[in-house]
Amino acid sequence: MNNRARWKRWKLPPIKQDILVSLDLETTGLNPKSERIIEVGAVKFRGETEIDTFSALVNPNRKLSKLILQMTGITQREVDDAPDWDEVKTSVMEFVSGVPIIGHNVGFDASFLRSHGVKTNRLYDTMSMAEIALPGGPEYSLVRLSERFGFQHDNPHRALSDALATRDLFLHLAEIIGGYDRGVLEQIQRLGSYSGTPLSGLAKRMLDTVGATSIGTVHTLSGIDPKEISSRIRSATRTPRIKPHEYKTDENTPSDHVKNIFGESGELERSLPDFEHRPEQIEMAEAVSEAINSERHLVVEAGTGVGKSLAYLIPSALHVLHTGARVVISTNTINLQEQLIRKDIEITRSTLSNYGVAAENIFASQLKGRANYLCVKRWQNSMMATEPNDIESKLLSKLLVWLNDTETGDKNELALGRLSSLFNRFSAQGALNCPTNDGPCFLRKARNDASHSNIVIINHALLMSDIAMGGGLLPEHDVLIVDEAHHLESAATNHLGFSVNQFQLENELRRLIGPTGLCQRLIRVISKLDTNLLDVSENTALAFNDAVEIAIKTSSEMFNFAAQIGADAQSYSQQQSELRLTDAVRAQPIWSDFEITWENMNTRLLEVSLQLVDLCDQASRSKEKSDEGLVLDAHSVVESIQLAASNLREAIPEPKADGVYWLRTRPGRRGTSINGAPLDVSDVLRNALFESDRSVVLTGATVAYQNSFERYRA
């Protein structure tokens, strides 16, 4: 992610003119109702000026746990000799009286203050500030952030040291946030106001002295300028001077070069100071070069330390330069994708350049599945529509800040943590029916880059999607190299299978109803198109809401029934969380009743789906750009409902002979899911990989099966 500033700065963020208290507490545990404070540390300051400090140990009148003793370094004797809380309380109250309190995860400290009889004023949370102002993370602990920015923090988990470090962090983050465009601050303030998050108050204070005049560019209602994002994407889009398949730069054979590069005293040894000649690496590189240049397949096992990445990257680069071909490399993990694109490709380029090959004609890019890219239209729709809770507010604000800087829209740039599952709501995965090609689109940019690259790095999930669709997701290529190939079978099983989760399905349905639900908003769009439909629209909304509520009810009944089947089976299977839906399970009398509940649910889901499709069709007549994201979002819910209904039909009344199905339950949680997968994916993989004209190389640390490669033969 590019971290260059895109913000108009004020001379002094107004928050730095206020008197504030940075406070930290050490406690005997996490529960404010049952645990006690053992240390208070606080610093009162105004901007860079320190006004006063406060530090006190507190006797909790109990033994400290071993964990607390080790983490804080506070001894039992120190707290035994300290005053009781009643003796410290008045001093703490006087120190924080009438002053906003800052803390790192301030909600924790505030809850303990309140449980100990101290009222709190406005709160500012440096953890929330960091999560939004530093969307890429990677870590948000006070210790890591202090190290990152060079703040003095000599005694982590001692209250005063933590409070001083929190003060320094707050001032630094206030500088960053204080430089945001007015439109961005207004959106952060608005989003946080629904749930009363501390960040909302901070943004409001930042805006207090700005007045009615906007600072910098006037952004749209969502806090971004789509034209600026489009311009940024265009400037970052790869447009190589020579397209793949249009050049040949070298008349020598790639195999000749491989020996000179990987051999003893070869170019790799000259280019890399720490390079160690390995016979296994040159053997693999020669085998890869021979296979891809003779259009044959290869399976090669390369254990740790062989250096297999360069053993296939350098022959691949030589091949594309010699023939004008394109090579696609698939990995199991995004981490390896990142390593290849950020490190190993650069080593390949520099080595070949030093060797005298035209390495400037190597164009490499990374391509991921739709779910990895933000859809700007879907995000804008959510920004303008929702009254988010605390978690949703934090993610929307984080994405807002990131959107004003990112060139890729790739979620891997973000430190999402527990917010990761919510990202799917804004991803391009739900934008399959995008009606136009105008406006910023990160997925389109990534695909364009791939089409102008001669080495494309993907992951197994995208490879499986391409196989499942019969091609079309990947640019045409002459060579496929599959690294971490020992994970390919499990990736195929997971990707070609399905899981229908109760919690996720019912959450999708709930997005449709209520005053800010998708149904009500679609109807408002339709009513604008034809005012004669106002009365009809109100009746439609009521009927649709009723239909969705019934669908949720029948879903709950069906999944609860499934959970009961699982619970009954667990008494005989040692409390396993999964139950295989075998013929024996389906033959039980209870299964017929289960199918009846499924049929009832299926009818209701299809009813909701058909009504929603009709609303989408009517709303799609709108010419307003702001309505496109709404229709996209609604279509994504249609797709989710229809896919869930189709998968449940397969798993329950119409199982395939070559499929395996199972029930997964999590007692006490709404985590029941019904799952399915192909019983054997080997034929699918064999046909997709080895029955094509391209050369395929499979490699990994453990690709052999029982010391044999026979399983890969047709």
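The values are calculated or read from the model by the stated rules, or taken from the named source; none is laboratory data. Everything numeric here is computed off the predicted structure, so don't read it as measured data. Note that we place each Cβ from the backbone using ideal geometry, even for glycine, and neighbour counts take in every protein chain shown.
Worth pointing out:
- Selection status of residue 482, touching a His at 6+ places or on another chain (Cβ under 9 Å), modelled with pLDDT of 90 or more and buried (at least 17 other Cβ atoms within 10 Å of the Cβ): yes
- Residues that are in contact with a helix residue (DSSP H, G or I) (Cβ under 7 Å, 6 or more places away or on another chain) and assigned to a helix (DSSP H, G or I), drawn from the stretch 138-165: 142, 145, 146, 149, 162, 165
- Within the stretch 603-639, the set of residues being over 31 Å from the mean Cα position of the chain (by Cα) and polar (S, T, N, Q) comprises 603, 611, 618, 622.
Quick grid of which residues meet (1) modelled with pLDDT under 95; (2) outside any helix (DSSP H, G or I); (3) not acidic (Asp, Glu):
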{"residue": "275", "(1), (2), (3)": "yes, yes, yes"}
{"residue": "280", "(1), (2), (3)": "yes, no, no"}
{"residue": "295", "(1), (2), (3)": "yes, yes, no"}
{"residue": "304", "(1), (2), (3)": "yes, yes, yes"}
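- Filter pass, residue 503 being over 30 Å from residue 680 (Cβ atoms) and in contact with a Phe, Trp or Tyr (Cβ under 8 Å, 6 or more places away or on another chain): no
- On inspection, residue 587 does not qualify as under 31 Å from the mean Cα position of the chain (by Cα), under 20 Å from residue 659 (Cβ atoms) and small (Gly, Ala, Ser).
- Any chance residue 405 is modelled with pLDDT of 85 or more and farther than 25 Å from residue 484 by Cβ: yes
- For the stretch 306-324, the candidate set comprises residues that are among the β-branched types (Val, Ile, Thr) and assigned to a helix (DSSP H, G or I); within that set, the residue that is modelled with the lowest pLDDT is 323.
- Any hit, the stretch 401-414, residues being crowded, with 21+ Cβ neighbours inside 10 Å, among the aliphatic types (A, V, I, L, M) and closer than 22 Å to residue 631 by Cα: yes
- Residue 101 being within 23 Å of residue 168 (Cβ to Cβ), surrounded by 14 or more Cβ atoms within 10 Å (Cβ to Cβ) and at pLDDT below 95: no
- Taking first residues from the stretch 645-674 that are surrounded by 14 or more Cβ atoms within 10 Å (Cβ to Cβ) and of a type in the set (Phe, Trp, Tyr) and partners that are at pLDDT 90 or above and assigned to a loop (DSSP other than H, G, I, E, B), the Cβ contacts under 9 Å between residues at least 6 apart in sequence or on separate chains come to 661/581; 661/582; 661/652; 661/655; 662/581.
- Every test in (1) out of contact with any helix residue (DSSP H, G or I) (no Cβ under 6 Å at 6 or more places or on another chain); (2) buried (at least 17 other Cβ atoms within 10 Å of the Cβ); (3) part of a loop (DSSP other than H, G, I, E, B) is passed by residue 135 save one, and that test is (1).
- Of all the numbered requirements in (1) at pLDDT below 90; (2) out of contact with any Lys or Arg (no Cβ under 9 Å at 6 or more places or on another chain); (3) not small (Gly, Ala, Ser), residue 327 misses one, and that requirement is (1).
- Residue in the stretch 432-441 that is farther than 25 Å from residue 394 by Cβ and either of a type in the set (Phe, Trp, Tyr) or touching a Leu at 6+ places or on another chain (Cβ under 7 Å) (or both) present: yes
- Failed item in (1) over 25 Å from residue 204 (Cα atoms); (2) at pLDDT 95 or above; (3) out of contact with any His (no Cβ under 8 Å at 6 or more places or on another chain), with residue 138 passing the rest: (2)
- Close pairs (8 angstrom Cβ cut-off, 6 or more residues apart or separate chains): within 9 Å of residue 462 (Cβ to Cβ) in the stretch 357-370, crowded, with 20+ Cβ neighbours inside 10 Å and among the β-branched types (Val, Ile, Thr) anywhere: 367/456; 367/457; 367/458; 368/458
- Some residue of the stretch 427-442 being outside any strand (DSSP E or B), within 28 Å of residue 310 (Cα to Cα) and within 22 Å of the chain's Cα centre (by Cα): no
- Scan the stretch 115-127 for residues that are farther than 22 Å from residue 192 by Cα and touching a residue at least 60 places away in the same chain (Cβ under 8 Å) and the total you get is 2.
- Of all residues in the stretch 37-63, those being surrounded by fewer than 14 Cβ atoms within 10 Å (Cβ to Cβ) and closer than 23 Å to residue 174 by Cα number 6.
- Lone qualifier among 191, 202, 145, 207 - being closer than 18 Å to residue 15 by Cα and surrounded by 21 or more Cβ atoms within 10 Å (Cβ to Cβ): 202
- Flag not set for residue 499, criterion: among the polar types (S, T, N, Q), touching a residue at least 40 places away in the same chain (Cβ under 8 Å) and in contact with a helix residue (DSSP H, G or I) (Cβ under 7 Å, 6 or more places away or on another chain).
- Selection status of residue 168, among the charged types (D, E, K, R), more than 26 Å from residue 34 (Cα to Cα) and either in a loop (DSSP other than H, G, I, E, B) or outside the structural domain of residue 21 (by TED's automatic domain parsing) (or both): no
- Residues of the stretch 339-392 satisfying the condition of being part of a helix (DSSP H, G or I), of a type in the set (D, E, K, R), within 23 Å of residue 450 (Cα to Cα) and touching a helix residue (DSSP H, G or I) at 6+ places or on another chain (Cβ under 7 Å): 344, 349, 370, 377
- Set 154, 168, 181: member being free of Cβ contacts under 8 Å to residues at least 24 places away in the same chain and touching a Phe, Trp or Tyr at 6+ places or on another chain (Cβ under 8 Å): 168
- Conditions (1) without any contact (Cβ under 8 Å) to a residue 40 or more places away in the chain; (2) under 29 Å from residue 345 (Cβ atoms); (3) touching a helix residue (DSSP H, G or I) at 6+ places or on another chain (Cβ under 7 Å): number failed by residue 466: (3)
- Residues located in the stretch 259-268, provided they are free of Cβ contacts under 8 Å to residues at least 60 places away in the same chain, surrounded by 16 or more Cβ atoms within 10 Å (Cβ to Cβ) and not in a loop (DSSP other than H, G, I, E, B): 262
- Pairs with Cβ under 7 Å, 6+ apart, first in the stretch 187-205 and assigned by TED's automatic domain parsing to the domain that holds residue 171 and in contact (Cβ under 8 Å) with a residue 40 or more places away in the chain, second part of a loop (DSSP other than H, G, I, E, B) and among the hydroxyl-bearing types (Ser, Thr, Tyr): 187/222
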